[in-house]
Amino acid sequence: MNLRFTNIGLAALLLLGSSSMAFAADEEKSSASSTAIEVEELTSSEILMQEVSIIGSKFNIKNIAGSAAYMDVQDIRQHGVADINRLLRRVPGVTLRQEDGFGLFPNISLRGVDPSRSAKLTLMEDGVLTAPAPYSAPDAYYSPTTARMSGMEVLKGSSQVKYGPRTTGGVINFLSTPIPTAEKYYMKASYGTFDELRNHTYFGNTEHTDSGKFGYVVEYYTRNNSGFKNLDDNIASIRGEADTGINKKEPMVKLSYEPKSSMYQRFEFKYGHTDLDANETYLGVTDFDFRSDPDRRYAASRFDEINSEHHRTYLRHFLEFNSKTNLVTTIYGNTFHRNWQKLDKVNSTDLATALGNDALVNILKGNAAGTLTLRNNNRSYYLYGVQGALKHKAQIGETEHNFEVGLRYHYDQIRRFQKDEDFTQDANGSITAVTVANGGADGNILQETDAVALNIQDAIKWKKFTFTPGIRTEYIVGSYENYANGRTGTKGYIALVGGGSLKYDLYDDGSKDIDLFGGIFRGFSPPDPKSAFENGIREETSLGYEVGVRYKNAPNAFSTEAIFFLTDTDDLIVRADIGDTSSGQTINGGEVRSLGIEYQASYDHGLAKNWTIQTPTYVSFTYTDATFQSNIGTTGAGSIFAGAVEGNKVPYISEYVLSMGTGLIYKKFNVNLDANYTSDAFADGSNNGTNFDTNGDANLRFGKIDEQWTIDAALGYQINNKVRLFSNFKNITNSRFLVTRQPAGPRANLPFAMMAGLEFSL
């Protein structure tokens, strides 16, 4: 469309926009123990590049008048984290719904928003939107791999107003491996339970030449295992695989150039690729079978498999006009294709309903004749855009100003071209016939969105006060075409969000710091083009408030933070539910209020007492009360929001989440223990705690979710300054519990698992 090309030109000319990545060299910070991974020294230019991330470092959190968290590379590597759920549960304000046990398909909620496929968040990698189509289809069927990251940043509340398009919950930014400032070789290889094999390798350097600095990093990450679910093996398979495992391959390359010029400049190019093959299913089991064997998978799910490919690239330019002004410009593009071949119906009945029918369950187990419908959810996505951020520091009278102006043009689309396959099964579970529909027969749709976003922010410091007002506006045009029935349409609208925060430095003597802060902000979440055009769905808006206190005492190795938050959401977008074909269309579902408390503290008694032994300890606690303030609109009886009335709890939002951990570091040895408790929750909006939908039909997407206790451990021994031996243990008590009833029936958490290996850093 003409709008698209006009805006590309406008954005390219202005070279402005929001958010970029941290180019910090491997920021593997820890205390001065010999177990710490080697820390590289940063030049002034690399430190400057850190400022283009959304936080930049743990130290920078003290300057943010809102809720923020920064997990560095050691938080990821020392604890052996490959599952994003295990990393984020240490961040207050986060509620997680596990699904596959390995973190492949995260369902993340910040401050009580709907966690389904993390669709209500803004997800980025290196400052670039990374959901396959964040405007047209935000469901995160792709998520960056935590284990290959150098850090992760989380912003909630008024501190993330300038990021979008979804600003009610917050923003998560993954930081990939940076280009090292000196020659470096890194490898981490491990093997463990379920025949899991992981390898993370990269090498890179920055070289000085007569024409400037040239840098590069080449990386390769792999992970594969046989899975922890047990497929029924009572029948032969005409297709599919015997295990329930995953296979992931991820190469990446980054190149940089810093020319010798009167103004500091840096060019950086990145290309990354993810190839995932996972034998995953939507199908759960009955509650009775779950209690007997939580890891069971019925024979009918043996055909299920998702194949996906993700390509991501950007070209970024950093220009420092002077010590007070810099400009970052990024041109980016991602593509994503996936085909989830998965069981969709049995005898024309959706899976969650079928699990409540003994006769249909027998078909799923391969003990009776029937028809199995396999859907090929074949979808292609791509996005591209140009963004930039202009920052300027100024002194005006007695006030210090940090101005930031951003502009982004973004385009994304999703193309569905799906088909069904009907498998005829005999009484012995053998497939006797297969009927394959034509491509596009069960989904032949194009959705695309053009969006231009402008944000302006100024951090104004006067004496002990810092006031940060900000505004963000977007012009969004969504288009929709249904090739099956010929329906097409376009809808455009303007969104305006913003807010302000105030921070007061109550006390700061360099080693001790007390900050008071608060903020108010307007949030926003756009509907997909199809829902906006065909169903008249309005954008979801919210008004959020927060107030908090942050205290740090460096000599005593102690810090703490407490925040109260309140978010009122209007026109809640209730999407057609994952895995439920009877849920109807996406609707605006009324009002939701989410309020709560976020608290965290860390303390190292050994460091405070100057012992040779260090004892890092932390606690993170969240209380969330997310309730409907009005009756939900008309939705399908099988939707997990069905039956929600004023006063009911939002599904999958637990009231209490508690994480705590402690460690011991002595010379070359370290040990860490991490525990997490999550209280129970309702799996549906009716809150009736039973396995029946609003029509009174058995439906195993409805009911309760168990409370959860998990304890993990990590051990490490630094053989020398280049080689480290490690072992990680997940769920050491082998606690088993039901973590979700989505997409279709009860699913269990990861059982006990361990990994051991070697880490080389040369």
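The values are calculated or read from the model by the stated rules, or taken from the named source; none is laboratory data. Quick caveat, the model's predicted, so the values are computed rather than measured. Every residue, glycine as well, gets a Cβ built from its backbone with ideal geometry; the counts of neighbours run over all protein chains shown.
The figures follow:
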{"quantity": "Strands (runs of 3 or more DSSP E) fully within segment 659-762 counting 2 or more residues that are basic (Lys, Arg) and under 16 Å from residue 85 (Cα atoms)", "calculated": "none"}
{"quantity": "Subset of segment 373-431 that is within 28 Å of the chain's Cα centre (by Cα) and basic (Lys, Arg) - its residue that is farthest from residue 327 (Cα to Cα)", "calculated": "375"}
{"quantity": "Of all residues in segment 126-141 being crowded, with 24+ Cβ neighbours inside 10 Å and under 11 Å from the mean Cα position of the chain (by Cα), the one that is farthest from residue 529 (Cα to Cα)", "calculated": "130"}
{"quantity": "Only listed residue being at negative phi, touching a residue at least 60 places away in the same chain (Cβ under 8 Å) and either surrounded by fewer than 23 Cβ atoms within 10 Å (Cβ to Cβ) or touching a Cys at 6+ places or on another chain (Cβ under 6 Å) (or both), chosen from 153, 219", "calculated": "219"}
{"quantity": "Flag if residue 176 is more than 13 Å from the chain's Cα centre (by Cα), surrounded by fewer than 24 Cβ atoms within 10 Å (Cβ to Cβ) and either under 25 Å from residue 447 (Cα atoms) or not charged (D, E, K, R) (or both)", "calculated": "yes"}
{"quantity": "Which listed residue is out of contact with any Ser or Thr (no Cβ under 9 Å at 6 or more places or on another chain) and closer than 30 Å to residue 216 by Cβ, from 311, 273", "calculated": "273"}
{"quantity": "Subset of segment 411-423 (residues that are buried (at least 16 other Cβ atoms within 10 Å of the Cβ) and in contact with a Ser or Thr (Cβ under 8 Å, 6 or more places away or on another chain))", "calculated": "411, 412, 413, 414, 415, 417, 420, 421, 423"}
{"quantity": "Members of segment 183-220 that are assigned to a loop (DSSP other than H, G, I, E, B) and either modelled with pLDDT of 95 or more or of a type in the set (Lys, Arg) (or both)", "calculated": "183"}
{"quantity": "Of residues in segment 84-112 being assigned to a loop (DSSP other than H, G, I, E, B) and within 12 Å of residue 674 (Cβ to Cβ), the one nearest to the chain's Cα centre (by Cα)", "calculated": "89"}
{"quantity": "Subset of segment 374-403 that is surrounded by fewer than 21 Cβ atoms within 10 Å (Cβ to Cβ) and among the hydroxyl-bearing types (Ser, Thr, Tyr) - its residue that is farthest from residue 452 (Cα to Cα)", "calculated": "399"}
{"quantity": "Close pairs from segment 337-357: first over 9 Å from residue 373 (Cα atoms), partner among the aromatic types (Phe, Trp, Tyr), Cβ under 6 Å, at least 6 apart", "calculated": "338/141"}
{"quantity": "Residue identified as over 23 Å from the mean Cα position of the chain (by Cα) and modelled with pLDDT under 95 among 532, 576", "calculated": "532"}
{"quantity": "Residue among 633, 689 that is in contact (Cβ under 8 Å) with a residue 12 or more places away in the chain and closer than 27 Å to residue 731 by Cβ", "calculated": "689"}
{"quantity": "Those residues of segment 360-372 which are in a strand (DSSP E or B) and crowded, with 20+ Cβ neighbours inside 10 Å, in sequence order", "calculated": "370, 372"}
{"quantity": "Number of the condition not met by residue 677 [criteria: (1) in contact with a Leu (Cβ under 9 Å, 6 or more places away or on another chain); (2) surrounded by fewer than 19 Cβ atoms within 10 Å (Cβ to Cβ); (3) in contact (Cβ under 8 Å) with a residue 40 or more places away in the chain; (4) not hydrophobic (A, V, I, L, M, F, W, C)]", "calculated": "(3)"}
{"quantity": "Residues of segment 709-762 satisfying the condition of being touching a Ser or Thr at 6+ places or on another chain (Cβ under 9 Å) and among the acidic types (Asp, Glu)", "calculated": "759"}
{"quantity": "Conditions (1) surrounded by fewer than 17 Cβ atoms within 10 Å (Cβ to Cβ); (2) under 30 Å from residue 411 (Cβ atoms): number failed by residue 330", "calculated": "(1)"}
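Rundown of residues vs (1) out of contact with any helix residue (DSSP H, G or I) (no Cβ under 8 Å at 6 or more places or on another chain); (2) of a type in the set (D, E, K, R), yes/no style:
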position: 64; (1), (2): no, no
position: 73; (1), (2): yes, no
position: 88; (1), (2): yes, no
position: 94; (1), (2): no, no
position: 102; (1), (2): yes, no
position: 111; (1), (2): no, yes
position: 121; (1), (2): yes, no
position: 133; (1), (2): yes, no
